[in-house]
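What follows is one structure encoded as structure tokens, with my remarks underneath.
The values are calculated or read from the model by the stated rules, or taken from the named source; none is laboratory data. Owing to the predicted nature of the structure, the values given are computational and were not obtained by experimental measurement. FYI the Cβ positions are ideal-geometry reconstructions off the backbone, even for glycines, and counts take in every protein chain you see. When the accessible area is computed, the model is the full protein with side chains, heavy atoms only, and any ligands, DNA or RNA have been set aside. Shrake-Rupley method; radii C 1.70, N 1.55, O 1.52, S 1.80 Å.
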Amino acid sequence: MSENDKNYEMLVDYITGKTVPNVGTEEIRQRVEQYLVEEKGYLKEEISVDADIEIDIDGSRYASQLDLVIAVENKNLMVIKCAAGSLESREREVISASRIFTSSLIPYAVVSDSKTAVIYESETGKKIGEGLSKIPSRTEAGDFFKTNHPVQILEKRLKKEKIIFRSYDSMNINVSRKINE
């Protein structure tokens, strides 16, 4: 039986209301989504689920998806990677994603297993918090954008970040986007 022939338990995504296969860390993502809305005050429409990302590295196209991207007042604030196991092992992947998703750096990169979280400041890559309570709230996000402006990443650094992201992301095997490959 091939991977594509398996029957998967299905879940209803908390944010989108769409039925999704319960593959890999999907249950973790559902708990993180609920926490962001119910505890941190984000609106469902501010949270992009499976946000498409496409990068070009020397003419080679790589397409993937980011678990969650949060934008407040149409300004990207945070990339969240939902993971099981060692959260800090996902540090480089999520920081790289926050640096390459758009033309300007997304300020925060977060990895969570829905029980805890590690929060990084994307520009420096420094860990700035640990625990779900340290994830910036919607109110804190609004305050952040009042005093901070988008940061551009240098072109030379951008290419390196794309390679880092692709290297880590290509190793993610238990994700729903790979079911139909």
Top-ranked residue in region 59-87 [being touching a helix residue (DSSP H, G or I) at 6+ places or on another chain (Cβ under 8 Å) and among the charged types (D, E, K, R); ranked as farthest from residue 117 (Cα to Cα)]: 73
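Can you tell me which residue is least open to solvent (accessible area, probe 1.4 Å) among those in region 57-80 that are under 14 Å from residue 165 (Cβ atoms) and among the polar types (S, T, N, Q)?
Step one: filter region 57-80 for residues under 14 Å from residue 165 (Cβ atoms), giving 57, 60-67, 69, 79.
Now restrict to residues that are among the polar types (S, T, N, Q): 60, 64-65.
On the way: 60: 56, 64: 8, 65: 47 Å².
Selected residue: 64.
So, of the residues in region 96-139 that are of a type in the set (Asp, Glu) and surrounded by 14 or more Cβ atoms within 10 Å (Cβ to Cβ), which turns out to be farthest from residue 76 (Cα to Cα)?
Step one: filter region 96-139 for residues of a type in the set (Asp, Glu), giving 113, 121, 123, 130.
Next cut, surrounded by 14 or more Cβ atoms within 10 Å (Cβ to Cβ) only: 113, 121, 123.
Numbers: 113: 22, 121: 13, 123: 14 Å.
Top of the filtered list is 113.
Assess whether residue 52 counts as being out of contact with any Phe, Trp or Tyr (no Cβ under 7 Å at 6 or more places or on another chain), surrounded by 20 or more Cβ atoms within 10 Å (Cβ to Cβ), acidic (Asp, Glu) and within 28 Å of residue 156 (Cα to Cα). Working first, answer last.
On the way: out of contact with any Phe, Trp or Tyr (no Cβ under 7 Å at 6 or more places or on another chain): yes; surrounded by 20 or more Cβ atoms within 10 Å (Cβ to Cβ): no; acidic (Asp, Glu): yes; within 28 Å of residue 156 (Cα to Cα): yes.
When the stated conditions are applied, residue 52 does not pass them.
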Could you tell me whether residue 90 is at pLDDT below 95 and surrounded by 22 or more Cβ atoms within 10 Å (Cβ to Cβ)? yes
Return yes or no: is residue 160 closer than 22 Å to residue 20 by Cβ, without any contact (Cβ under 8 Å) to a residue 24 or more places away in the chain, open to solvent by 60 Å² or more (accessible area, probe 1.4 Å) and not acidic (Asp, Glu)? no
Give me the pairs: first residue in region 41-53 and free of Cβ contacts under 8 Å to residues at least 60 places away in the same chain and within 21 Å of residue 161 (Cβ to Cβ), second residue outside any loop (DSSP other than H, G, I, E, B) and of a type in the set (Val, Ile, Thr), beta-carbon distance under 7 Å, and six or more apart or on different chains, which are they? 48/69; 51/69
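Of all the residues that make up region 14-58, how many are among the basic types (Lys, Arg), in a loop (DSSP other than H, G, I, E, B) and more than 19 Å from residue 118 (Cβ to Cβ)? It would help to see each step written out before you state the result.
At the first step, the residues of region 14-58 found to be among the basic types (Lys, Arg) are 18, 29, 31, 40, 44.
Filter again for in a loop (DSSP other than H, G, I, E, B), leaving 18, 40.
Okay, now just the ones that are also more than 19 Å from residue 118 (Cβ to Cβ), so 18.
So the count comes out to 1.
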